[in-house]
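Working notes, beginning with the structure itself.
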Amino acid sequence: MMHPSEIEFMAENEIIQIVPTFNHAGHVHLICGSYGPFRAGLPLNVPIWVALNLRQKKTCRILAPDWMAVDKLQERLEEEKASKFFTQLPSNFYLEITQMLLTVASEDIPQGNDIKTAVKDLWDLRIAKLRSSVDLFIKEGRVQASLNHLTPMEINSVRPVFPDTLDALMTLHEHINSSDDREDSSQSSIATPSSASFSPSL
Amino acid sequence: MYRNIKPHYFSIDAIMAAQEKIQCSFIKNVEHVDFLDMTNAEKDEESDPKIELPLWMIKVFIAGKSIQFDIPKAYNEIYRGVLTADANVVDLFKLCKHFYLFGKFLSQLEHREAYEVRRTLIQTFIDRFKQTMDWAQNIDDNLPCFNRLDCLERSIFNDARVAQQHLNTYLTEGSGQMEIAAMISNYRKRKMHESRVLE
């Protein structure tokens, strides 16, 4: 299992736009790429960790990403509500990015509080969906599911429970398969890893 | 983080589960084991009196076809009915500390109800899973709930709980200072040791 802060660390590599207030003619060469030149007043792309660092030194202004606006997030929320499956989100790290930007640069982002609530709503909705589908998965004894558009943080929230649960279930099932020949025909009603009855879902 | 759920030779849970007692009676005369029954230490084991033996010992006698046992209370027909009706209301820990593991061992022994026991185990686990997960992720003070879980469920519960707490702390307080990974700090220690050896 990963710690949430490790996922945040991954999120810090996402690209974001800033408007610097200083001039620096050359490029800055980083492992994740070269960024620059920095010209006061002209927006440019940098990784989030650079942006946060500069912002904390008050040498730039962070431009909120396109999706980080109340009406856009509300749209996503409606879409998510309407769909049975998980919908594609504009960023794989929406929760972490919102959290980071609003902590460091809340003055740069208009309607910060509303955005925070909207993102939390979105997160809650998706987590509820995830939990009910995990439950369904276990209940119906499926062996396969496709989980499109889930973000790392969301996957991480079921990670500590899910593999162990499946493991426990499998050890319980194992014995039925290996030593039970009394009721071979009824096996298809419960899908075990060896009997491949499944339906792609979630 | 990932526990090995499968029982192995040194697994404490498996040892404890095999220690649970089962009521049984001998159907043949068995010599030299009269020390097992403290109540009538006079004679060798005979057919009629029922005694309680731990599961691992019953296994040995079963191999010699000299014993027959009753399915323990937690797995008998009445409780199977209760568990099928609503597994969520049962206090598993009170019923049997290692409900799943002991049940699994039990169903491996030859008995006419073994198959039903297995089915009940799986169904119970599936039915209770959602409740376990919900408790782990939602309620703050959940000792009363925790007390009703079997040992296997407890380990899953604890893992889920820890993860949820990490997430909650992250959401309320942010990530804070990152710590050095254990690998890096070990590497430093090793390097220091190496340089000392070289001197």
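The values are calculated or read from the model by the stated rules, or taken from the named source; none is laboratory data. Since the model is a prediction, treat every value here as computed from it, not as a measurement. A quick note on method: Cβ atoms are made from the backbone with ideal geometry, for glycine too, and the neighbour counts reach across all protein chains shown.
Determine, yes or no, whether A:N13 is in a loop (DSSP other than H, G, I, E, B) and under 29 Å from A:K120 (Cα atoms). Break it down stepwise before answering.
Working: in a loop (DSSP other than H, G, I, E, B): yes; under 29 Å from A:K120 (Cα atoms): yes.
So A:N13 passes the test.
Tell me whether segment B:146-169 contains one or more residues that are on the phi > 0 side of the Ramachandran plot and out of contact with any strand residue (DSSP E or B) (no Cβ under 7 Å at 6 or more places or on another chain). Steps first, answer last, please.
Step one: of segment B:146-169, the residues on the phi > 0 side of the Ramachandran plot are none.
No; the residues of segment B:146-169 include none that is on the phi > 0 side of the Ramachandran plot and out of contact with any strand residue (DSSP E or B) (no Cβ under 7 Å at 6 or more places or on another chain).
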For the list (1) buried (at least 19 other Cβ atoms within 10 Å of the Cβ); (2) within 14 Å of chain B (Cβ to nearest Cβ), I need the number of the one condition that A:C60 fails.
(2)
How many residues does segment B:103-156 contain that are within 11 Å of chain A (Cβ to nearest Cβ), basic (K, R) and part of a helix (DSSP H, G or I)?
5
Of the residues in segment B:84-102, how many are surrounded by fewer than 19 Cβ atoms within 10 Å (Cβ to Cβ), in a loop (DSSP other than H, G, I, E, B) and of a type outside the set (D, E)?
1
Taking segment A:154-174 as the search range and keeping residues that are assigned to a helix (DSSP H, G or I), facing another protein chain (nearest Cβ under 8 Å) and of a type in the set (A, V, I, L, M, F, W, C), which one is farthest from A:K120 (Cα to Cα)?
A:L172
Output the residues belonging to segment B:52-72 that are part of a helix (DSSP H, G or I), surrounded by fewer than 16 Cβ atoms within 10 Å (Cβ to Cβ) and over 20 Å from the mean Cα position of the chain (by Cα).
B:V60, B:A63
Among A:I138, A:I115, which is the only one that is modelled with pLDDT of 85 or more, within 25 Å of the chain's Cα centre (by Cα) and within 11 Å of chain B (Cβ to nearest Cβ)?
A:I138
Restricting attention to segment B:35-52, does a residue exist that is of a type in the set (F, W, Y) and either at pLDDT 85 or above or in contact with a strand residue (DSSP E or B) (Cβ under 9 Å, 6 or more places away or on another chain) (or both)?
no
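Please indicate, with yes or no, whether at least one residue in segment A:79-94 is small (G, A, S), away from chain B (no Cβ under 14 Å), part of a helix (DSSP H, G or I) and over 27 Å from A:T21 (Cβ atoms). Walk me through how you get there before you give the answer.
Of all residues in segment A:79-94, those small (G, A, S) come to A:82-83, A:91.
Applying the additional criterion that residues be away from chain B (no Cβ under 14 Å) yields A:82-83, A:91.
Subsequent filtering for residues that are part of a helix (DSSP H, G or I) retains A:82.
So of that shortlist, the ones also over 27 Å from A:T21 (Cβ atoms) come out as A:82.
Among the residues of segment A:79-94, at least one is small (G, A, S), away from chain B (no Cβ under 14 Å), part of a helix (DSSP H, G or I) and over 27 Å from A:T21 (Cβ atoms), which makes the answer yes.
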Residue in segment A:149-202 that is surrounded by the most Cβ atoms within 10 Å (Cβ to Cβ), counting only those that are at pLDDT 50 or above, over 23 Å from B:R118 (Cβ atoms) and touching a Ser or Thr at 6+ places or on another chain (Cβ under 9 Å):
A:V161
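Kindly check whether there is at least one residue in segment A:30-37 that is aromatic (F, W, Y), surrounded by fewer than 13 Cβ atoms within 10 Å (Cβ to Cβ) and over 15 Å from A:T98 (Cβ atoms).
Filtering segment A:30-37 for residues aromatic (F, W, Y) gives A:35.
Narrowing the set further to residues that are surrounded by fewer than 13 Cβ atoms within 10 Å (Cβ to Cβ) leaves none.
No; the residues of segment A:30-37 include none that is aromatic (F, W, Y), surrounded by fewer than 13 Cβ atoms within 10 Å (Cβ to Cβ) and over 15 Å from A:T98 (Cβ atoms).
Do the conditions hold for B:V197, that is, is it in a helix (DSSP H, G or I), more than 9 Å from every other protein chain (Cβ to nearest Cβ) and within 30 Å of B:I62 (Cα to Cα)?
Values: in a helix (DSSP H, G or I): yes; more than 9 Å from every other protein chain (Cβ to nearest Cβ): yes; within 30 Å of B:I62 (Cα to Cα): no.
In short, no.
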The lone exception for A:E12 - which of (1) within 14 Å of chain B (Cβ to nearest Cβ); (2) surrounded by 14 or more Cβ atoms within 10 Å (Cβ to Cβ); (3) farther than 25 Å from B:N168 by Cβ it fails:
(3)
Residue hits (segment B:73-83; surrounded by 12 or more Cβ atoms within 10 Å (Cβ to Cβ) and either touching a helix residue (DSSP H, G or I) at 6+ places or on another chain (Cβ under 6 Å) or part of a helix (DSSP H, G or I) (or both)) are B:A74, B:Y75, B:Y79, B:R80, B:V82, B:L83
